[in-house]
Every structure is written in structure tokens, then in C-alpha cells.
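Worksheet for the structure shown next.
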Amino acid sequence: MPDAGRFASGRHAGALVPLFSIPSRAAWGIGEIPDLARFARWLSSAGLDIVQLLPVNEMADGQNSPYSALSAMAIDPIYIALGEVEEFLAGGGEGAMSGADRSDLELARSAAAVDYRRVRALKTRALRETFGRFEECHWRTSSARARGFGEFVERERWWLDDYALFRALHAENHGRYWTEWEAGLRSREPAAMDEARRRLATEIRYFSWLQWIADGQWQRARRDASPVGIFGDFPFMVSGDSADVWARQDQFRLDASVGVPPDAFSETGQDWGLPVYRWDVVAGTGYEWLQGRARRCVELYDGFRIDHLVGFYRTYFREGRNPIGAFVPPDEPSQIAQGEAVLAVILDSGARLIAEDLGVVPEFVRESLVRQQVPGLRVLRWEREWQSEGQPFRDPASYPALSVATSGTHDTDTLAEWWESAPDAERAAVAELPAFRAAGGRSDSAFSDVTRDALIATLFAAGSDILLLPLQDIFGWRARINVPAVVDDVNWTWRLPWAVESLMTEPLASERAAFLRSLAESRGRG
């Protein structure tokens, strides 16, 4: 297992990529848990030591956004590699699948992007059959493998019990929102809950088994990825239709929804349709749920990014269809007190944190992060002296060590898109940066390999202890992960143009690795 503590100091560099984007040849059309280790081998060859993921929490059927999850704790079974599950192989593996399923599998593998519907349907059928084999060969015989499963269930009971029951009930109710279930189950009446546990015992065991399989693969991948550290993403919220909200209904408002005020992404702001924390009730529990989420992240990751950090200080919400939103807490002193209380709970987990502090973020939030020694993001294109004549770019070499330098996020234009859409004056201002000039960068409007590499070299020279580059920017690709405030079948589906293991042999990937390694060595990173 990597030493997570080593990421608390020193200079590091890594790549941002969603797990779904890095499938191997053996994968079923989507990046799978063991593919993390395969990707880590290329990162290591490139002198990088961090892979920053997006959330891997379980999404509902029909969803492809990792920020709308059925659970803040559970790994999505869509990431399980069937080819590494003992019972699947014992049943004949892919060769024993029906002709229709093998045809679907080939279509999923050959698709240019992730086909979530096809992949989830395929894996659900295969996993249910595989679980049946586990029940027959291990559970009913109380084998050593069954005992290992039982130990996992006991160890993770603190979150797994509510999750597995919720998932069993959710399936029984054909995916309907829990607020539409029968009254006793909606309100979690003890008699109704006990009866459901008896009635759905096998289903509860199935959903627990999925998490056991995912956890085993995850821990192996984390060991195999060493010395590259796996960093996760801590979403600000989960869906209202989630195990967490169902189990803690008093801690959330379902009559209001979280979003963000108007910003660079949207003139009217965004309404995410997610429930609002009842912060007074949450605080009264000692922030128990957030504490548990941090504990779960420490079990899975070497560090993690806190998504929408400002929301923990002040949550922007709208009631009903009211287009005018408000903040809770309403005033700066209470916002600071709340945000620092939440961060203290998360920091107590011992995790290495990164704060996503972009968007409309008041200065007092960033001052608070400095006090608590939590690095925020420095996105090159937005780091300018906005009040100075000509609005020159801040030299990344002057970024504080307590920060994370980056070229963008999963929500932004790629470097190529930004450069080619930037005004002439903006490109000319970038060309004044010393490291950019030293690397041969010019303010030409066309985005070239020289421009790409000069921008990357400029970021490697940043004073920030951590550098994270979206994989698309490392290669100079234009494909987007997500366009904010857009819901369609394109967002969250991007995949590598090659199988992930091909990164070690593809000429372009090998050239990129050599280039990054030279920068990492010269700048003391990784």
C-alpha cells in the first residue's frame, strides 16, 4: 500500500482522469478498478505520482454523472472487472455468456465512448448470475470465501447496512424515489424495516456482496498502483434519492435544492436539484455523516479533493421554483465558523486534502484554507492581476507552495479550446510568462504542440507543491469530460483512444511520458 503520508509534503505531479475513461482491452467498455494499476504504470514512467479521479460512487440506472449518486459510500459495481471475479471464471467466464450478451459486449468494447446503458445492463446480468454461483458454492457451504465476505460485512456495517437495504428496496420498487415507497419504509418504521430485512435477505446479501467484490479489487489495485497514489473526489452532496438521505432524513431539506449563483459558467446560476443540508441538525450530530464519509475516503484513497468547497462554508439554495436563491448560513462569521468546523472534521481523518475553491468564492474562504493548511486550486488561465493595467498573468513560479497548480478541471474547456478561443491580448499576456518564453512559447492563435508543451512546462515550474494536469491537456486533445449545466448522452462518456495498457507502447504516449519525466526531474516533482 502506498504511504499516504508522503503526499503531505514535497513536490508532486499527477494526471486528472475519470476511472470510466481508461478501459483496458479486457474491460467491458468502461474503465474498471484493475485498470487503475495499468494507468499508474504509465504515470510512473512519466515521472508522475498521483492519479486524481472523479467520484466512483454508485450512480442510479440511467445516470452517467458521478456527482449524482445513490450512495456517498458505495463503489459503483459498474467498475467491477468480471474477469477477475472467481465465481465468474468458475462458471466459464465470457465463453459461457449468451450469444446476445457476447455481441453486446463486443459493441460496448468497440464503442468510441462509454455506453452506460449497455455496460450496466450487461454487468448486472453477469453479476447476478455470478452471485448465484457464490451463494451455491460458498455461502451455503460456509466456505472460507464466505467467511471472508462475512468479515467484510461486519467491518463495514456502519454504512453497509443502510446502503444494502436501501438498494434492495430501491430494486423492489423498480427504481422509484424512496419518497414514493410505502409509508412505513419511507419513514423507516422499525417493524417495516425488520420485515423488509427478512423479505429481502438475499437481495441485501447481493448488494453487500457487490461491495465486497469491489472493495477487494480496489485494495489490490491500490497496492499494484504503488508508488503512484490514488486521489479521490469528495462530492459536496449526493442525490436526494440516496441511501444516505433516506437514512438521515432529518438532516436534509427536500423542499429546496442546492446550486450555485451566477458565475462564469452560467449567467443565471445553476440548480443541481440536490437536497439542502439542515446545518443546525448536522452540527448537532457532531457532523457524523461527513465524518463517516471522510473515514470511507481514507479507506479508499491516498488523498482526496473536496468538491465545491465553498458550499461547506455557505450553501446556495433555492426553494421550490423561486429563481432567487439565498445562502445558508446567511452571514460571514457563521459561514466561517461552519466551514472551519466541517473541514476540521474531515482533517481529523488524517487525509491529504485538496480544496476545489473555484467559482464565486469569497476571499474569506481562501484565507480560512490557508489557516487550516489546505491547498486550493490555481488554474493558470484565471490567475491574473485583474485590477492591474493589462491584467497580466501571475507567474506560476510565484504560486504559494500550499496550492495545486492546474491547467483546468473536468468542467473547463481543454487547454486547446481555451487557447484558440482566447482574445489576442490574453494569449499575448501568457507569452510574457518567463517559463513560457523559455520553452519557446509564442502568442500565435493556433494551438500547436509547441504551445501545449510550453504551457505544461510553465505549470511544472509553478511554486505549488502539487501539479495536476487533465489527461486531455497532457496530449493537447480537445475532447471534454463535462459541459456544466448540460444534461445529455455525451457528458461523462469520454474514453482514451487506445486501451489503457497501450499507453506503454503507443508512440505518442511514450513521447508524452518522456517529456513529462524530463520536466518532473528538472523541477523536483514526483
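The values are calculated or read from the model by the stated rules, or taken from the named source; none is laboratory data. A quick note: this is a predicted structure, and the numbers were derived from the prediction, not measured. Methodologically, a virtual Cβ is constructed for each residue, glycine included, from the backbone with ideal geometry; neighbour enumeration extends over all protein chains shown.
How about the range 153-217: which helices (runs of 4 or more DSSP H) wholly inside it have at least 3 residues that are in contact (Cβ under 8 Å) with a residue 60 or more places away in the chain and of a type outside the set (G, A, S)? Break it down into steps so the answer makes sense when it comes.
Details: elements: 157-172, 183-186, 190-199.
So the answer is 157-172.
Return a yes/no flag: does the range 250-267 have any residue that is charged (D, E, K, R), surrounded by fewer than 18 Cβ atoms within 10 Å (Cβ to Cβ) and in contact with a helix residue (DSSP H, G or I) (Cβ under 8 Å, 6 or more places away or on another chain).
Among the residues of the range 250-267, at least one is charged (D, E, K, R), surrounded by fewer than 18 Cβ atoms within 10 Å (Cβ to Cβ) and in contact with a helix residue (DSSP H, G or I) (Cβ under 8 Å, 6 or more places away or on another chain), which makes the answer yes.
Report, by residue number, each residue of the range 441-451 that is buried (at least 22 other Cβ atoms within 10 Å of the Cβ) and assigned to a helix (DSSP H, G or I). Even if it seems obvious, please write down each step before you answer.
Step one: list which residues in the range 441-451 are buried (at least 22 other Cβ atoms within 10 Å of the Cβ), which gives 441, 451.
Residue satisfying the conditions is T451 alone.
What is the one condition in (1) loosely packed, with under 15 Cβ neighbours inside 10 Å; (2) within 25 Å of the chain's Cα centre (by Cα) that L343 does not satisfy?
With respect to (1) loosely packed, with under 15 Cβ neighbours inside 10 Å; (2) within 25 Å of the chain's Cα centre (by Cα), L343 is out only on (1).
To keep it simple, each residue is scored yes or no on (1) touching a strand residue (DSSP E or B) at 6+ places or on another chain (Cβ under 7 Å); (2) surrounded by 15 or more Cβ atoms within 10 Å (Cβ to Cβ); (3) not aliphatic (A, V, I, L, M).
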| residue | (1), (2), (3) |
| --- | --- |
| G148 | no, no, yes |
| A164 | no, yes, no |
| R198 | no, no, yes |
| A201 | no, no, no |
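For the range 216-236, check the following and say yes or no: at least one residue is at pLDDT below 95, of a type in the set (A, V, I, L, M, F, W, C), closer than 28 Å to R155 by Cβ and in contact with a Leu (Cβ under 9 Å, 6 or more places away or on another chain).
For the range 216-236, residues at pLDDT below 95, of a type in the set (A, V, I, L, M, F, W, C), closer than 28 Å to R155 by Cβ and in contact with a Leu (Cβ under 9 Å, 6 or more places away or on another chain): present.
Run L519 past the list (1) farther than 30 Å from P262 by Cβ; (2) surrounded by fewer than 21 Cβ atoms within 10 Å (Cβ to Cβ); (3) not acidic (D, E) and report the number of the one that doesn't hold.
(2)
Select from the range 318-375 the residues that are among the hydroxyl-bearing types (S, T, Y) and free of Cβ contacts under 8 Å to residues at least 40 places away in the same chain and list them in ascending order.
Pass one, the range 318-375, residues among the hydroxyl-bearing types (S, T, Y): 334, 349, 368.
S334 - this is the single residue of the range 318-375 that is among the hydroxyl-bearing types (S, T, Y) and free of Cβ contacts under 8 Å to residues at least 40 places away in the same chain.
Could you check the range 388-435 and list, in sequence order, the residues that are of a type in the set (D, E) and not in a helix (DSSP H, G or I)?
Initial filter on the range 388-435 (of a type in the set (D, E)): 389, 395, 411, 413, 417, 420, 424, 426, 432.
Once the filter is applied, which keeps residues that are of a type in the set (D, E) and not in a helix (DSSP H, G or I), the range 388-435 yields E389, D395, D411, D413, E432.
Can you find a residue in the range 281-304 that is polar (S, T, N, Q), closer than 23 Å to S71 by Cβ and surrounded by fewer than 19 Cβ atoms within 10 Å (Cβ to Cβ)?
First pass over the range 281-304, keeping only residues polar (S, T, N, Q): 285, 291.
So of that shortlist, the ones also closer than 23 Å to S71 by Cβ come out as 285, 291.
Then keep just the ones that are surrounded by fewer than 19 Cβ atoms within 10 Å (Cβ to Cβ); that gives 285, 291.
Scanning the range 281-304 turns up at least one residue that is polar (S, T, N, Q), closer than 23 Å to S71 by Cβ and surrounded by fewer than 19 Cβ atoms within 10 Å (Cβ to Cβ).
Kindly indicate the residue of the range 120-129 that is surrounded by 14 or more Cβ atoms within 10 Å (Cβ to Cβ) and in contact (Cβ under 8 Å) with a residue 60 or more places away in the chain and also farthest from I481 (Cα to Cα) among those meeting that condition.
L127
Identify the residue in the range 25-77 that is more than 25 Å from L105 (Cα to Cα) and of a type in the set (F, W, Y) and, among all such residues, is surrounded by the most Cβ atoms within 10 Å (Cβ to Cβ).
W42
Among the residues of the range 383-421, write down those that are without any contact (Cβ under 8 Å) to a residue 24 or more places away in the chain and of a type in the set (A, V, I, L, M, F, W, C).
Keep residues of the range 383-421 that are without any contact (Cβ under 8 Å) to a residue 24 or more places away in the chain, which gives 383, 385-389, 394, 421.
Of everything in the range 383-421, just one residue is without any contact (Cβ under 8 Å) to a residue 24 or more places away in the chain and of a type in the set (A, V, I, L, M, F, W, C), namely W386.
What number of residues in the range 213-240 are surrounded by 22 or more Cβ atoms within 10 Å (Cβ to Cβ) and over 19 Å from the mean Cα position of the chain (by Cα)?
Adding up the residues that qualify gives 1.
Look at Y313 and say whether it is free of Cβ contacts under 8 Å to residues at least 60 places away in the same chain and either under 30 Å from G229 (Cα atoms) or within 17 Å of the chain's Cα centre (by Cα) (or both). Steps first, please.
Numbers: free of Cβ contacts under 8 Å to residues at least 60 places away in the same chain: yes; either under 30 Å from G229 (Cα atoms) or within 17 Å of the chain's Cα centre (by Cα) (or both): yes.
Judged against the criteria, Y313 is a match.
Take V298 and decide whether it is of a type in the set (A, V, I, L, M) and in contact with a helix residue (DSSP H, G or I) (Cβ under 6 Å, 6 or more places away or on another chain). Can you show your working first?
On the way: of a type in the set (A, V, I, L, M): yes; in contact with a helix residue (DSSP H, G or I) (Cβ under 6 Å, 6 or more places away or on another chain): no.
Spelling it out, it is not the case that V298 is of a type in the set (A, V, I, L, M) and in contact with a helix residue (DSSP H, G or I) (Cβ under 6 Å, 6 or more places away or on another chain).
Could you check, for the range 459-467, whether at least one of its residues is assigned to a helix (DSSP H, G or I), under 25 Å from the mean Cα position of the chain (by Cα) and at negative phi?
Here is the first cut: in the range 459-467, the residues assigned to a helix (DSSP H, G or I) are 459-460.
Adding the requirement that they be under 25 Å from the mean Cα position of the chain (by Cα) leaves 459-460.
Checking the rest, the ones that are also at negative phi come to 459-460.
Yes, the range 459-467 contains a residue that is assigned to a helix (DSSP H, G or I), under 25 Å from the mean Cα position of the chain (by Cα) and at negative phi.
Just for the range 130-146: of the residues that are surrounded by fewer than 14 Cβ atoms within 10 Å (Cβ to Cβ) and in a helix (DSSP H, G or I), which one is nearest to the chain's Cα centre (by Cα)? Working first, answer last.
The first filter runs over the range 130-146 and keeps only residues surrounded by fewer than 14 Cβ atoms within 10 Å (Cβ to Cβ), leaving 136, 140-144.
Those still in the list that are in a helix (DSSP H, G or I) too: 136, 144.
Numbers: E136: 35, A144: 34 Å.
Here the answer is A144.
Kindly provide the set of residues from the range 375-407 that are at positive phi and touching a strand residue (DSSP E or B) at 6+ places or on another chain (Cβ under 6 Å), ordered by number.
Step one: filter the range 375-407 for residues at positive phi, giving 390-391.
Hit for the range 375-407 is Q391, nothing else.
From (1) surrounded by 22 or more Cβ atoms within 10 Å (Cβ to Cβ); (2) in a helix (DSSP H, G or I), pick out the condition that doesn't hold for A509.
With (1) surrounded by 22 or more Cβ atoms within 10 Å (Cβ to Cβ); (2) in a helix (DSSP H, G or I) applied to A509, the lone miss is (1).
So which residues in the range 78-119 are within 25 Å of the chain's Cα centre (by Cα), part of a helix (DSSP H, G or I) and buried (at least 20 other Cβ atoms within 10 Å of the Cβ), if there are any at all?
Result: I78, Y79, L82, A108, Y116, V119.
I need a count of the residues in the range 41-58 that are hydrophobic (A, V, I, L, M, F, W, C) and either closer than 29 Å to R102 by Cα or in a loop (DSSP other than H, G, I, E, B) (or both).
Filtering the range 41-58 for residues hydrophobic (A, V, I, L, M, F, W, C) gives 42-43, 46, 48, 50-51, 53-54, 56.
Among the residues that remain, those that are also either closer than 29 Å to R102 by Cα or in a loop (DSSP other than H, G, I, E, B) (or both) are: 46, 48, 53-54, 56.
Matching residues across the range 41-58 total 5.
Give me a count of the residues in the range 13-33 that are over 22 Å from T414 (Cβ atoms) and either of a type in the set (D, E, K, R) or under 18 Å from the mean Cα position of the chain (by Cα) (or both). It would help to see each step written out before you state the result.
So in the range 13-33, the residues over 22 Å from T414 (Cβ atoms) come out as 24-29, 32-33.
Now restrict to residues that are either of a type in the set (D, E, K, R) or under 18 Å from the mean Cα position of the chain (by Cα) (or both): 25, 32-33.
Here the count works out to 3.
Note down all Cβ pairs under 6 Å where the first residue falls in the range 499-515 and is modelled with pLDDT of 95 or more, the second is among the charged types (D, E, K, R), and they're at least six residues apart or on different chains.
Every condition considered, the pairs that remain are A499/R25; V500/D35; V500/R38; E501/R38.
Which count do you get for residues in the range 222-280 that are in contact with a Phe, Trp or Tyr (Cβ under 6 Å, 6 or more places away or on another chain), closer than 30 Å to L468 by Cα and part of a loop (DSSP other than H, G, I, E, B)?
2
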